[in-house]
Amino acid sequence: MAQVAALLVATSSGRGLAEELTAHGSYTSLVEGPDGVPKVLLGVNGQPVLNHWLAAMAQCSRLQPLDQKVFILCNEVNVDAVRAWASEPAFSGGGFPLENILTNGADDSLGLAADVASFLAAAPPSVSGRSLLVAEADALCGPCFGVARLVEHAVVRGKDTVIYMAAPEGMSLEGHAVVGLEDPRTAAQSASQRVVGLDAEPCGAVDAATLTPVLAPVAMLRPEALERLVKTVETGAASYSSRMGGLIAALQPGNIAHPSMYAMPLDCFFRLTDAYNVALTSNFYAYYAAEKAGFKGDAARALEASRRLAQLHEARTAAGGSAAAGVRLMAEVEAARPPEPCVDKELRKVFRGFWDGWLRGDRHHDLAAMAGRGITGASVLLGGSGGGMGHSGGGVKAGSTMPLRFADATTRRHGAKEQHAVYTTTNNTYGLKPPSQVDMPLTYTAASQHFTKSFPVTAPKSSSLVTAVTKSKVHKALDDF
């Protein structure tokens with residue numbers, strides 16, 4: 001079996017994000033001290049970001065056991081916070097070995113390529129000669145993501161492999177990198193494509209008429225590629241960028257003098273670079289949870305209906321005012337859209353639906369962050385829609401998320417029972433009315449269950465003196481005195 005190790009790079013500074021979150025009054029409880037909570041410890045869907053990455057790696061047999069093959073690279077500023085997370089099993093999902101948490105020796109990122117080179121220089125001998133899975137730890141690859149598909153593909157084919165996402169329409173390309181595929185027309189039918197180039201600094205927004213493969217924050221690199229990466233850093237030719245695009249650009253994908261590099265599709269990914277993307281990620285996880293639950297409130301259905309009407313109105317206006325022509329125009333635009341490479345079509349459909357609403361200003365999915373409710377945006381980021389533990393910074397209780405039935409009154413199932421008109425009561429009249437948002441509580445604190453968890457398994461045996469007469473069921477002469 002090929003030897004594989006994994007590196008989660010958590011070296012980017014959280015100072016800028018802390019300042020942005022402080023400026024948003026609803027997110028101030030995420031900030032602790034001048035540097036703020038590290039981005040890799042922000043809670044998303046009930047778990048810190050690092051926990052999501054560890055869960056994605058736990059599904060890969062080649063990375064087992066995790067405590068021997070997975071490492072985290074920090075900077076000097078956030079290493080103490082990450083080590084505190086690792087030493088607390090309740091937050092890190094059972095604990096993480098402290099010796100696997102290393103630093104790059106600086107207060108910020110040296111650039112992703114230089115960070116990886118510093119890790120290889122300080123890594124234990126067991127890492128030498130292994131392929132390395134590199135991931136930007138302050139990003140997420142969507143719900144239910146696992147690295148096993150990427151690792152197996154890279155090992156079996158013996159090729160350096162990256163992951164890309166078909167960027168949705170209207171997405172800004174600033175801060176991303178665009179992968180050049182050998183044949184974009186067949187990308188939706190192929191498991192991977194050879195990389196022929198990389199645009200590390202694209203500009204503009206995505207056009208729906210063309211496939212734009214945006215580089216995701218995770219890659220699988222073989223030992224030969226790691227050696228070339230270290231030489232590039234030593235010569236000073238590597239980019240200072242802390243993103244995956246800078247690292248891959250240093251390897252010069254598509255250069256005929258180097259081994260081929262391949263790219264595989266991904267459904268969606270998110271970056272936690274600023275407050276905007278933090279809100280975007282939080283909203284999507286809440287939206288995804290609602291979609292998986294299979295139930296939408298009246299508000300969500302009304303928003304979807306108004307969005308479809310707005311699209312029809314735009315198409316009708318573009319078609320000269322005819323509704324029928326507008327419908328045909330919408331069908332033609334959808335048919336002209338190139339097939340989207342993805343792994344899970346249902347997840348991709350959910351992501352596209354969310355993205356279309358997001359561009360139109362729909363922010364209602366992050367239910368606990370609604371203004372005027374007395375609930376901070378931190379409660380979704382720290383608690384999310386999951387049941388796990390989040391980062392309890394700034395006085396917010398870990399896992400103290402507002403349940404959906406309280407956060408959005410329209411999602412409650414109101415099973416009112418109407419009484420006979422002759423015998424109806426005033427209470428029944430009240431009960432027939434569905435609850436509104438003003439009837440919902442502003443806070444929710446679940447019981448800790450501490451008493452029931454510590455309750456003895458077996459009931460105590462009674463050793464007291466019995467003074468009552470034991471009556472016989474057969475005859476009174478057999479009563480026991």
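Please treat every number below as a calculation from the coordinates, not as lab data. Since we're looking at a predicted model, the values are computed, not measured. Virtual Cβ from ideal backbone geometry, glycine too; neighbours counted across all protein chains shown.
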Exercise. Using Cα pairs under 8 angstrom and six or more residues apart, how large is the relative contact order of region 4-275, in percent?
Worked result: 23
For this session: Towards the positive end of the charge dipole of region 4-275, with charges on Cβ (+1 Lys, Arg; -1 Asp, Glu), say which of TRP85, LEU110, ALA58 has the farthest Cα.
Result: ALA58
Problem set entry | Contour excess over end-to-end distance, with Cα ends at GLN64 and SER190 and 0.36 nm allotted per residue | 42.5 nm
Problem set entry | Theoretical FRET efficiency, 1/(1+(r/R0)^6), r = Cβ-Cβ of GLU169 and GLN3, R0 41 Å, to 0.05 | 0.50
Exercise. Over all distinct alpha-carbon pairs, what is the Kirkwood Rh of region 157-210 in angstrom?
Worked result: 12.3
Exercise. According to the square roots a ≥ b ≥ c of the eigenvalues of the Cα gyration tensor, what is the shape class of region 40-103, taking rounded for a/c under 1.5, prolate for a/b larger than b/c otherwise, and oblate for the remainder?
Worked result: oblate
For this session: Excluding LEU211 itself, calculate the net charge of residues whose Cβ lies under 12 Å from the Cβ of LEU211, where each Lys or Arg counts +1 and each Asp or Glu counts -1.
Result: -2
Seminar exercise, completed: Non-local residues with an amide H under 5 Å from the amide H of ALA216, with H modelled 1.01 Å from N and Pro and chain starts lacking one, are ILE163, TYR164, MET165
Exercise. Stretch ARG337-HIS414 to full length: gain in nm at 0.36 nm per residue minus the Cα-Cα span?
Worked result: 23.6 nm
Exercise. What number comes out for the charge environment of ILE163, summing +1 per Lys or Arg and -1 per Asp or Glu over other residues with Cβ under 11 Å away?
Worked result: 0
For this session: Output ³J(HN,Hα) for region 235-249: one whole-Hz value per residue in order, computed from phi by the Karplus curve 6.51 cos²θ - 1.76 cosθ + 1.60 with θ = phi - 60°, and x for Gly and Pro.
Result: 7, x, 8, 7, 6, 7, 4, 8, 9, 5, x, x, 5, 5, 4
Exercise. Cβ under 15 Å from THR186's Cβ, THR186 left aside: what net charge do those residues give with Lys, Arg +1 and Asp, Glu -1?
Worked result: -1
Exercise. When the Debye formula is applied to the Cα atoms of region 4-275, each taken as the same point scatterer, what base-10 log of I(q)/I(0) results at q = 0.10 Å⁻¹?
Worked result: -0.48
For this session: Could you give the size of the charge dipole of region 110-202 about its Cα centre, using +1 on the Cβ of each K and R and -1 on the Cβ of each D and E, expressed in debye and rounded to the nearest 20?
Result: 500
For this session: Would you mind computing, in nm to one decimal, how far apart the modelled labels at TYR430 and CYS203 are, each placed 7 Å from Cα along Cα→Cβ?
Result: 6.4
Problem set entry | Residues whose placed amide H lies under 5 Å from that of LEU7, excluding near-sequence neighbours | PHE71, LEU133, VAL134, ALA135
Problem set entry | Simple spin-label estimate for ASP479 and GLU314 in nanometres, 7 Å along Cα-Cβ | 9.1
Seminar exercise, completed: Per its Cα gyration tensor (rounded if a/c is under 1.5, else prolate when a/b beats b/c, else oblate), region 167-259 is best filed as oblate
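When the chain is fully extended, how far beyond the present Cα-Cα distance does ALA468 get from GLU88, taking 0.36 nm per residue of separation?
So the extension gain works out to 131.4 nm.
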